[in-house]
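The values are calculated or read from the model by the stated rules, or taken from the named source; none is laboratory data. Computed from a predicted structure; not experimentally measured. Cβ sites come from the backbone with ideal geometry, for glycine too, and all protein chains shown count toward neighbours.
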Amino acid sequence: MLLKYFYDKTLAHASYMVGCQRAKVAIIVDPGRDIEQYIQMAKQEAVEIVAVAETHIHADYVSGARELAARLGAKLYVSDEGPAEWKYQYVDQYDHQLVKDGDSFMIGNLQFDVLHTPGHTPESISFMLTDRGGNADKPMGVFTGDFVFVGSIGRPDLLEEAAGIANTAEPGARDLFRSTQRFKQLPDYLQIWPAHGAGSACGKGLGAVPSSTVGYEKLFNPALQINDEDEFVSYILAEQPEAPKYFAVMKRVNKEGPEIIGDQGLPQLQPAEKLAAVLDEASVIDLSAPNQFGAAHVPGTTNIPAAMLAGWAGWIVDYSKPVYLIVDSDQLAEAIRVLRKIGLDDVRGYFEASKVRASNLATESYQSATPLELKSRIDSGEVTLIDVRSQTEWNNGRIEGAEHRFLGRLQDSVASFRGDKPIVLQCQSGGRSAIAASILQAAGHEVINMTGGFGLWTKSGLPVDQTEPTVACSVGSALCS
């Protein structure tokens, strides 16, 4: 048997190739959209990719299942569990098998048994693997998808928080509790292979170790220590990370079927003089480093540094509008690859970043200043301080007088900002606040980015407020009109 692990650190996404070396065939479990990595590995290992197994309709990235079916003729094994609104709508176009709890299928001499493990989503399934080629009569491990992670379990609130389906979080949590009780009955020796690692928003407290065992998780996974259903529900719904807005888009895309990338090329270089015209009809994202963007950029553009694209484009870019990039040509291919992973396919063209900065179009800039340089202005009320970190970071400590506006939701409340004072943007180190600065400046505000952020503030020995936080922006807030 062959087992290969693929990990996309930008999305904290794990996928797997499982091959029968005797039959020279393989299946991909929970593939990402970038399928070239699987094709290359299959060639290297002299196996043919004949099938795809998917644990659920994913919300955080575009699945590669349809791409593999269309380009390689791979057979799809996908869930037939859950309500009608969570059924795959594109699979009838391809060779496929809808599977339910108790079903099994073979890939060469490898047996996959299906377990319905609802909770994270209603249709969620896991695949238990047995290598029959070695005359094994016991399973080896389980591909758990977003059900059980190393050190955590999948969150049940995404359908409500991200997809906007009301009254699904608590029922999902109760389904998840029953799934965990079933999981605890599995043999301790079974390996578990999850679809995500540390940094994913599909659960809280995910570990960075790529795999574990049922026995280890039963001993140390916090969620699996709780045997009372109500206590479990309270635990699993509390303090989950913010649900990215684009998750709802991904659910729809993966249910209806993503477009086939095939051999699509890269977007074309655009003349700089076209930039002003496209700003009226499209989102223009500048992938320059924050210091470059802050020094000179085109008014109305949004800065998402290339290294932060995977984490923040889905939060910030409007999926309903075409996109143009300002990017150096040697970064273009990777940027497009990242954007396609999260379903931002409509990139109409790009502008060469160095030429834009050198042109007379880059007429705008903003200030940056250290915490020590800004402290007296913050204390005097001369500026308004906005903290764009996550809720958990804010709860653990903040600068006195700051208002909390999480970066991922900042655009939703831009209209409520008043422009009577300069706005200081602050995060943990200065990266996220640079994105926020570009958003607010594009909306007409005078902005200052705090370099070094909260981390440098504390290292500089400046005071930190660790009292019980309150909701930062509500009716009557200094910033809300």
- [ ] Being of a type in the set (D, E) and within 17 Å of I378 (Cβ to Cβ) is the filter; apply it to region 391-428 and report the residue that is surrounded by the most Cβ atoms within 10 Å (Cβ to Cβ).
- [x] E403
Open item on the list: With the structure loaded, tell me whether P156 is within 30 Å of P244 (Cβ to Cβ), at pLDDT 95 or above, in the same structural domain as R252 (by TED's automatic domain parsing) and assigned to a loop (DSSP other than H, G, I, E, B) or whether it fails that test.
Closed with: no
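Here's the yes/no breakdown for (1) of a type in the set (D, E, K, R); (2) within 23 Å of L440 (Cα to Cα):
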| residue | (1), (2) |
| --- | --- |
| Q270 | no, no |
| E273 | yes, no |
| A276 | no, yes |
| A282 | no, yes |
| S288 | no, yes |
| A310 | no, yes |
| S329 | no, no |
| I342 | no, no |
| N360 | no, yes |
- [ ] With the checklist (1) in a strand (DSSP E or B); (2) surrounded by fewer than 18 Cβ atoms within 10 Å (Cβ to Cβ) in hand, flag the one item S376 doesn't pass.
- [x] (1)
TODO: State the number of residues belonging to region 252-266 that are outside any helix (DSSP H, G or I) and within 18 Å of S320 (Cβ to Cβ).
DONE: 2
Task: Entirely in region 79-127, the strands (runs of 3 or more DSSP E) that have 1 or more residues that are at pLDDT 95 or above, surrounded by fewer than 16 Cβ atoms within 10 Å (Cβ to Cβ) and small (G, A, S) - done: 104-107
- [ ] Within region 235-275, work out how many residues are more than 16 Å from I336 (Cβ to Cβ), more than 21 Å from the chain's Cα centre (by Cα) and surrounded by 13 or more Cβ atoms within 10 Å (Cβ to Cβ).
- [x] 3
Task: Cβ pairs under 9 Å, 6+ apart, first in region 14-28 and at positive phi, second in a loop (DSSP other than H, G, I, E, B) - done: K24/A46; K24/V47; K24/G108
Task: Exclusive hit being aromatic (F, W, Y) and not assigned by TED's automatic domain parsing to the domain that holds L287, set F406, F351 - done: F406
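Residues checked against (1) touching a strand residue (DSSP E or B) at 6+ places or on another chain (Cβ under 8 Å); (2) without any contact (Cβ under 8 Å) to a residue 24 or more places away in the chain; (3) of a type in the set (A, V, I, L, M):
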site	(1), (2), (3)
W193	yes, no, no
G197	yes, no, no
F232	no, no, no
V253	no, no, yes
G257	no, no, no
D263	no, yes, no
E281	no, no, no
I285	yes, no, yes
TODO: Quick one: in region 1-38, of everything that is among the aromatic types (F, W, Y) and part of a strand (DSSP E or B), which residue is surrounded by the most Cβ atoms within 10 Å (Cβ to Cβ)?
DONE: Y16
- [ ] Only residues that are surrounded by 17 or more Cβ atoms within 10 Å (Cβ to Cβ) and either closer than 12 Å to L361 by Cβ or of a type in the set (V, I, T) (or both): list them for region 280-299, please.
- [x] V284, I285, D286, H297, V298
Open item on the list: For region 343-367, give me each residue that is over 27 Å from the mean Cα position of the chain (by Cα), surrounded by fewer than 21 Cβ atoms within 10 Å (Cβ to Cβ) and not aliphatic (A, V, I, L, M).
Closed with: E352, S354, K355, R357, S359, N360, T363, E364, S365, Q367
- [ ] Count, please, the residues in region 413-446 that happen to be part of a strand (DSSP E or B), within 17 Å of F293 (Cα to Cα) and in contact (Cβ under 8 Å) with a residue 40 or more places away in the chain.
- [x] 2
- [ ] Please enumerate the residues belonging to region 11-32 that are over 30 Å from G314 (Cβ atoms) and charged (D, E, K, R).
- [x] R22, K24
Task: Unmet criterion (only one of (1) more than 16 Å from M1 (Cβ to Cβ); (2) touching a Lys or Arg at 6+ places or on another chain (Cβ under 7 Å)) for G133 - done: (1)
Open item on the list: Residues that are aromatic (F, W, Y) and assigned to a loop (DSSP other than H, G, I, E, B): does region 298-320 have at least one?
Closed with: yes
